[in-house]
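Student: Encoded as structure tokens, here's the structure I'll be asking about.
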Amino acid sequence: MRTFRTDGSLSSRLLALACALALVAAQALPAAAQDRGITVQVDKPGAAIPRTLFGLFFEDINFGADGGLYPERVKNRSFEFPDPLMGWKQAAPGDSKGTLQVYDRIAGTAVANPHYLRIKVDEPGKGFGVTNEGFRGVGVEKGKEYTFSVLARGAGGSPRALRVEVLDADGRALGETRVSGFTPQWKKYSATLRATGTEAKARVNVLVEGTGALDVDLVSLFPKETWGGRANGLRPDLVRLLKEMNPGFLRFPGGCIVEGRTLEQRYQWKTTIGDPEDRRLIVNRWNTEFRHRLTPDYYQSFGLGYYEYFQLSEDIGAEPLPIMNCGMACQFNTGELAPMEDLDHFIQDAIDLIEFANAPANTKWGRVRAGMGHPKPFNLKMLGVGNEQWGPQYVERYKAFARVLKAKYPNVTLVSSSGPFPDGKEFDYLWGQLRQLNAELVDEHYYRPPQWFRDNAGRYDDYPRNGPKVFAGEYAAQSVAIASPDNRNNWETALSEAAFVTGLERNADLVRLSSYAPLFGHVEAWQWTPNLIWFDNLRSYGTPNYYVQKLFSTNQGTRLLPVLIDGSPKNGRDGLYASASLDEGSGEVIVKVVNTSSSRREVRINLAGAGGVRGGKALTLASSDLKAENSLDEPTRLSPVEKPLTATGTEFTHAFAPNSLTVLRVAALR
Ligand code: AHR
């Protein structure tokens, strides 16, 4: 505490006494008089908050696409895995006998899916054929309908019919259907199967009745219930979870999957559009990435391809944000480079993609889009050049992309990479270079311990405002360590992210986009944890981290409001973090407060400059157990609780629970 030096005179002693009394009086005053508590400067609205501030990062990792969002039940449906019968086994009920043989339709030519299976029945018994194990099982729900379809042709003898049956682990039938009438020509057959029971881990038998040979390909069992009821549509419970977040953008298709372990295995959007049957399957780069979580049966069928990504973005009201390979394979793997003289090919891919998304339906690529069912443009406004690249090799390639793309499409904002880490030599180098190049949006990634997130809530407070904007493109608190299989989606990680996200929001004039990563994880088939949403073959749930994201994204507001905690813009002292915004549509003031301390905090809230208060509500996400998690059985154990606010004036006290995120929505009068 400051001390007073006096000369001993009466006047100076009186002055000292007055000062001392004033100090005592100040200490006795109610908290607000000393600027204690949280002050929201309602009368000083700041920058507009971009609609894109909170969005989604999608990557086909953890069976996020095949086996997840893309609800095909049959794994390796076109026999194109390198082991063409992976996922399939012979099925010979009732002592039937026969042989299975995989053929290559036109070996060595450019057919997307050359393999097919010949089922030859010698002794029919109860039918002879194959059984498919699905994606860690086949999920069916009682009363729901599934379309079985197959490309087939008779190949000798008289195969009468294909019987399709779904069976549980004990061999009990959960539904059956048949197709018949085969000819020597390839033809598509389909029939409806209605499930008579619910089972997440069933299997599908595909059995030839009669004697003779039948060739089959593209064997599919697809739920009729998809998002929007579309054929080749997406899993509704998962899309619903996304839509309910009201995301500002959807980044796709990754992530490292963009890069591939080798350039040959990179993501190439053109092979993912058109008829799903003509999309060429490739290995999923996460297949063998982690020795502790090998998933040798992980391939990309591209049933969920670029058209579906654009459609999904539209469905959930999010701006599409595709990330393009920039001639670099994953630098954690081979780091292969496309030579600069070959880069035009990669740049042309980006140009064609913009055309596919935005050009009128009477142009080359617009016609392709229209032919798939979407004559109207998708209105693409952002594009990523490379995923998590670094080094001068990246800068060189980014420059080449930016030169061409910005000249041709000045209104398409380009996203550039700052590498895999949130600091360090590479990060500083890239930021330096990207500043000089006037880059537009720099993608930062942080997979760090929970403490890092709490400590970095002020990360952007002092970032320069005159250069590129920031895309917090991938982040998640790691409870153990990055890529550790023991990481958990527990409350400590989510709460720490919440503290950090107040900082993203407070700096929304600079941070234009942000997304948690990765998005999805199949509870049995994952490679990476933590993830925002977990699912099995029938059920899904949002983690506490999901509810943190959702609280921010559904309570975003349109304009920033300055916030002071105990009179200071600094956050984190005594575990208190806050951000605030104004929703200009509803007139509400939205205040987010994170209390990372283990005690309940009675905090004075001052809506400075507001004319009055007409009530409001408080949404609270809290748990005293930092290890608490949600699960398939308790999907909403940690989820927001809503209560009315009793505040009647522009100054009120709110009790913030220990370890909590609270959103106050106050109908404030001007
Ligand atoms: O989110 C998982 C991976 O983490 C992403 O694919 C990659 O960009 C990052 O290293």
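Student: Could you state the angle between the C-alpha long axis of helix 343-358 and the longest principal axis of the C-alpha atoms of the chain, as a value from 0 to 90 degrees rounded to the nearest 10?
Tutor: Approximately 80 degrees, to the nearest ten.
Student: While we're on this one: Cross-chain or 8 or more residues apart, Cα under 16 Å: how many lysine pairs in the range 92-206 fit that? Count them up, please.
Tutor: 4
Student: So how tilted is helix 425-436 from the main axis of the chain? Cα-based, degrees 0 to 90, rounded to 10.
Tutor: For 425-436 against the chain, the angle is about 80 degrees.
Student: Once ligands and nucleic acids are excluded and a 1.4 Å probe is used, how much of T413 is accessible, expressed in Å² to the nearest 10?
Tutor: For T413, solvent-accessible area is about 40 Å².
Student: Got a sec? What order do T646, T226 fall in by accessible area at 1.4 Å, biggest, i.e. largest, first?
Tutor: T646, T226
Student: Tell me which residues come under 5 Å, amide H to amide H, from Y446 once H is placed; ignore anything under 5 positions away on its chain.
Tutor: Under 5 Å from the amide H of Y446 lie the amide H atoms of E474, Y475, A476, each far enough along the sequence or on another chain.
Student: Quick check on the range 467-556: take the gyration tensor over C-alpha atoms, sort the square-rooted eigenvalues as a ≥ b ≥ c, and tell me if it's rounded (a/c under 1.5), prolate or oblate. List each step's numbers first, then the result.
Tutor: Numbers: a/c = 2.02, a/b = 1.75, b/c = 1.16.
Here the range 467-556 falls in the prolate category.
Student: May I pose another question? Check cross-link reach from K550 to the lysines: straight Cα distance under 21 Å, and skip same-chain residues fewer than eight apart.
Tutor: Reachable lysines: K243, K592, K617, K627, K643.
Student: Would you please give the residues with an amide H less than 5 Å from that of K224, counting only those at least 5 places away or on a separate chain, with H modeled from the backbone geometry?
Tutor: Close amide H contacts, sequence-distant or interchain: E145, Y146, T147.
Student: What area, in nm² and to one decimal, does the C-alpha convex hull of the range 170-221 cast on average over all directions?
Tutor: 4.6 nm²
Student: Please calculate how many Å² of accessible area the range 172-249 carries per residue, with a 1.4 Å probe and no DNA, RNA or ligand atoms counted.
Tutor: Roughly 41 Å² per residue, with all protein chains present.
Student: Determine the calculated [θ] at 222 nm for the chain from helices alone, applying -39500 (n - 2.57) to every DSSP H run no shorter than 4 residues and normalising by the residue count; nearest 500 deg cm²/dmol.
Tutor: Roughly -5500 deg cm²/dmol at 222 nm, from the helical runs in the chain.
Student: Then there's this: Give the ranking of K188, K376, K469, K425 by solvent-accessible surface, highest area first, calculated with a 1.4 Å probe.
Tutor: Accessible-area ranking of K188, K376, K469, K425, largest first: K425, K376, K188, K469.
Student: Right, something else. Suppose all protein chains stay in the model; what accessible area per residue would a 1.4 Å probe give for the range 367-462, in Å²? Please list the in-between numbers first.
Tutor: Numbers: 4130 Å² over 96 residues.
On a per-residue basis, the range 367-462 sits at 43 Å².
Student: Among the trypsin sites (Lys or Arg not before Pro) in the range 214-257, which ones are in a DSSP loop with at most 16 other Cβ atoms within 10 Å of the Cβ? Mind listing them?
Tutor: In loop regions of the range 214-257 (DSSP not H, G, I, E or B), the sparsely surrounded trypsin sites (Lys or Arg not before Pro) are K224, R230.
Student: Another question, if that's okay. Quick one: net charge around A152, please, counting Lys, Arg +1 and Asp, Glu -1 for every other residue with C-beta under 10 Å from its C-beta. Don't skip to the end; give the middle numbers.
Tutor: Numbers: positive: R153, K187, K188; negative: D215, D217.
Combined, the nearby Lys, Arg, Asp and Glu give +1.
Student: Of all the accessible heavy-atom surface of the range 88-223, with the other protein chains kept in place and a 1.4 Å probe, what percent is carbon and sulfur?
Tutor: With neighbouring chains kept in place, the figure for the range 88-223 is 48 percent.
Student: What do you get for chymotrypsin sites (Phe, Trp or Tyr not before Pro) in the range 250-324 restricted to DSSP loop and a cutoff of at most 15 other Cβ within 10 Å of the site's Cβ?
Tutor: The qualifying sites are F290.
Student: If you don't mind, there's one more thing I want to ask. Suppose every K and R has +1 on its Cβ and every D and E has -1 on its Cβ; what is the size of the dipole of the chain about the Cα centre, in Debye to the nearest 20?
Tutor: Value, rounded to 20: 1140 debye.
Student: Which cross-chain or sequence-distant (5 or more) residues have an amide H under 5 Å from the amide H of G175, H modelled 1.01 Å from N in plane?
Tutor: For G175, the qualifying residues are V166, T196.
The values are calculated or read from the model by the stated rules, or taken from the named source; none is laboratory data. Given the structure is predicted, the values throughout are model-derived calculations rather than measurements. No Cβ is skipped: glycine too gets one built from the backbone with ideal geometry, and neighbour counts run over all protein chains shown. For accessibility, only protein heavy atoms count, side chains too; no ligands or nucleic acids. Shrake-Rupley method; radii C 1.70, N 1.55, O 1.52, S 1.80 Å.
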